[in-house]
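First comes the structure, then the notes that go with it.
The values are calculated or read from the model by the stated rules, or taken from the named source; none is laboratory data. Treat the numbers as computed from the prediction; the structure is a model and nothing was measured. Quick reminder, even Gly has a Cβ in these numbers, built from the backbone with ideal geometry, and neighbours come from all protein chains shown.
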Amino acid sequence: MQGIYSILLLVASNVFMTFAWYGHLKMKQFSWFHALPLIGVILFSWGIAFFEYILQVPANRLGFRENGGPFSLMQLKVIQEVITLIVFVVFSTFAFKNETLKWNHLAALICIIMAVYFVFRK
């Protein structure tokens, strides 16, 4: 169960991370946000990223083999990267209508899936 909890926490943390890193690009449509100086945008993003860390740290602690979890450090990192890219694709597709998923993006996703296969291979 620790592995499932770890993955669910990683998904939730990556949602916050994606909004912190890329959400401000969409938020500039609002006049109050567009008027913020760069430091204001940074602080806004840090406020969102705070919640990412609240979820990311326990996800890694639960999932890490030396803490009783099922994953090695390398496996945790590859899982996190796959989740990051999946969350980003969903976010960019829905939030930014001018971003389209192309064949080369899918080819890259297949390569990442292969990375997961190889990192879990004994």
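Descriptive notes on the structure:
- Check on Asn60, under 29 Å from Asn98 (Cα atoms), buried (at least 16 other Cβ atoms within 10 Å of the Cβ), within 16 Å of the chain's Cα centre (by Cα) and polar (S, T, N, Q): no
- Positions within the stretch 63-82 being part of a helix (DSSP H, G or I) and either touching a residue at least 24 places away in the same chain (Cβ under 8 Å) or crowded, with 19+ Cβ neighbours inside 10 Å (or both), in sequence order: Gly63, Met74, Gln75, Leu76, Val78, Ile79, Gln80, Glu81, Val82
- The single condition among (1) in contact (Cβ under 8 Å) with a residue 60 or more places away in the chain; (2) surrounded by 19 or more Cβ atoms within 10 Å (Cβ to Cβ); (3) within 21 Å of Tyr117 (Cα to Cα); (4) polar (S, T, N, Q) that Thr18 does not satisfy is (3).
- The conditions of being at pLDDT below 95, over 30 Å from Arg121 (Cα atoms) and touching an Asp or Glu at 6+ places or on another chain (Cβ under 9 Å) are not met by Thr100.
- Number of the exception - Leu101 against (1) surrounded by fewer than 18 Cβ atoms within 10 Å (Cβ to Cβ); (2) in a helix (DSSP H, G or I); (3) among the aliphatic types (A, V, I, L, M): (2)
- Scanning the stretch 17-62 for residues that are within 23 Å of Thr93 (Cα to Cα) and not in a helix (DSSP H, G or I) turns up Lys28, Gln29, Phe30.
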